[in-house]
1. Would you mind finding the one in Gln312, Gln378 that is of a type in the set (S, T, N, Q), in contact (Cβ under 8 Å) with a residue 12 or more places away in the chain and closer than 27 Å to Thr230 by Cβ?
2. Does Gly356 fit the bill of being in a strand (DSSP E or B), modelled with pLDDT of 95 or more and closer than 21 Å to Phe81 by Cβ?
3. In region 304-343, what count of residues is obtained for those that are surrounded by fewer than 18 Cβ atoms within 10 Å (Cβ to Cβ), within 29 Å of Leu371 (Cβ to Cβ) and in contact with an Asp or Glu (Cβ under 8 Å, 6 or more places away or on another chain)?
4. Conditions first: (1) out of contact with any Ser or Thr (no Cβ under 7 Å at 6 or more places or on another chain); (2) at pLDDT below 95. Val27 passes all but one, so which condition is the exception?
5. Would region 214-224 turn up any residue that is in a helix (DSSP H, G or I) and farther than 25 Å from Gly122 by Cα?
6. Considering (1) at pLDDT 95 or above; (2) among the charged types (D, E, K, R); (3) touching a Leu at 6+ places or on another chain (Cβ under 8 Å); (4) not in a loop (DSSP other than H, G, I, E, B), say which one Asp100 fails and leave the rest.
7. If only one of Gly64, Gly103 is without any contact (Cβ under 8 Å) to a residue 12 or more places away in the chain and more than 17 Å from Cys337 (Cβ to Cβ), which one is it?
8. Yes or no: Asp346 touching a Phe, Trp or Tyr at 6+ places or on another chain (Cβ under 6 Å), open to solvent by 20 Å² or more (accessible area, probe 1.4 Å) and in contact (Cβ under 8 Å) with a residue 24 or more places away in the chain?
Amino acid sequence: MDSSSTSGRKGGGLLLSPPPAAVVVAVAVLLSAAEAATEEPCYPRLFSFGDSLTDTGNFAFIYGNDSREPALRPPYGETFFHRATGRFSDGRLVVDFIADALGLPFVRPYLSGRTAGDFACGANFAVGGATALSPAFFRARGVPMADIVHLDMEMKWFRDLLKLLCPGDLAGCTGMMNQSLFLVGEIGGNDYNLPLLSGVSITKIRSFTPSVIAKISSTITELIGLGAKTLVVPGNLPIGCVPNYLMIFKSGKKEDYEPETGCLRWMNEFSQYHNKLLIDELEKLRKLHPDVAIIYADYYGAAMEVFLSPEQFGIEDPLTACCGGGGPYGVSGTARCGYGEYKVCDDPQKFGSWDGFHPSEAAYKAIAIGLLRGSYTQPSFATTTNSCPQITELSSSVEYKVLYDL
């Protein structure tokens, strides 16, 4: 990859708005707020859990005074919000596109609310850096781990919210739970990322996966017990296509790379291993709860569309970070996005990665397209939510057309 394409701006320079550009996108993801508002949302509330792939601002409330964290300041958020919101990207995330397509406002970070009215349309419990398993799990296996947010903590926050929404009578929340949409993840990526970056072998990390899946499963079971009827459960992204990993685990062996994508084969095989175990577990849960819609969101397959045929999404550099330290993949070991002598590209919409670890808004949009069209949800999101006119219309609309992203 030519790193010169990421040299448009120096860190701390002016934030330039990308020019209007024709991009190939699905009609699904570009529903305007005005169009969505003409119909009553089929899910009055959206609740989400996870890590930095889903965090819409909780991180800022936990680590707001940590000046070392670049995600809390520009250039993060520059594409859509024109300010840093605590999202680990240049703009919107998959959860934002889903909320918009359903006619809901962007999901409020749980830690930003105070009253029941603040959560009239749901809440987001995801936090950047969160794991599925507790730090104690890793420490017991010799893996150093700081006191970070994990899935049990996010569920505690959720139970606290139910007490706020239905004081003195949690059973009174059953109807609300029945009608809400739950996005459980993506979660588990950091259970692998943090050990990987600490030098733990992939063989040892692979032994963590059954425990990660078991934690996701018990969380789903708990939500169902509280009344959840529709849950979307994402799998892991193809981590072998992450620019920082492509730099860190660079190999001189041609066979270590996928010829179609240039991604690291062994890392993507590990992501597929996690996803297979998750798919198998979700099938067991469906048999135990036949009256509940448990939808697998194939983030891996949807993201691979970007790496196999990026041009259909207007992306030119799928394996390069827009914001980072330069180098073949737009990243380096000496600088990172928002920290040190970093560089920012002129048009983030042309890059698959924002900061070397997190997708760009353009890539998140591409993933959301696959989910909302039903191509990468099992069972299809469109058919599972057949009482939802917004999604039904989207799935039956023209598959692709050229629109202008203003």
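The values are calculated or read from the model by the stated rules, or taken from the named source; none is laboratory data. Computed from a prediction, not measured in an experiment: that's the story for all the values here. Cβ placement follows ideal geometry from the backbone for every residue including glycine, while neighbour counts extend to all protein chains displayed. To get the accessible areas, we keep the full protein, side chains included, count just its heavy atoms, and leave off ligands, DNA and RNA. Shrake-Rupley method; radii C 1.70, N 1.55, O 1.52, S 1.80 Å.
1. Values: Gln312 fails: closer than 27 Å to Thr230 by Cβ.
One residue alone meets the criteria, Gln378.
2. Details: in a strand (DSSP E or B): no; modelled with pLDDT of 95 or more: yes; closer than 21 Å to Phe81 by Cβ: yes.
It is false that Gly356 is in a strand (DSSP E or B), modelled with pLDDT of 95 or more and closer than 21 Å to Phe81 by Cβ.
3. The qualifying residues number 2.
4. For Val27, the exception is condition (1).
5. So in region 214-224, the residues in a helix (DSSP H, G or I) come out as 214-224.
From the residues that got through so far, the ones that are farther than 25 Å from Gly122 by Cα too are 214.
Yes, region 214-224 contains at least one residue that is in a helix (DSSP H, G or I) and farther than 25 Å from Gly122 by Cα.
6. (1)
7. Numbers: Gly103 fails: without any contact (Cβ under 8 Å) to a residue 12 or more places away in the chain.
None of the other options fit; the residue is Gly64.
8. Working: touching a Phe, Trp or Tyr at 6+ places or on another chain (Cβ under 6 Å): no; open to solvent by 20 Å² or more (accessible area, probe 1.4 Å): yes; in contact (Cβ under 8 Å) with a residue 24 or more places away in the chain: yes.
Considered against the rule, which asks whether it is touching a Phe, Trp or Tyr at 6+ places or on another chain (Cβ under 6 Å), open to solvent by 20 Å² or more (accessible area, probe 1.4 Å) and in contact (Cβ under 8 Å) with a residue 24 or more places away in the chain, Asp346 comes out as no.
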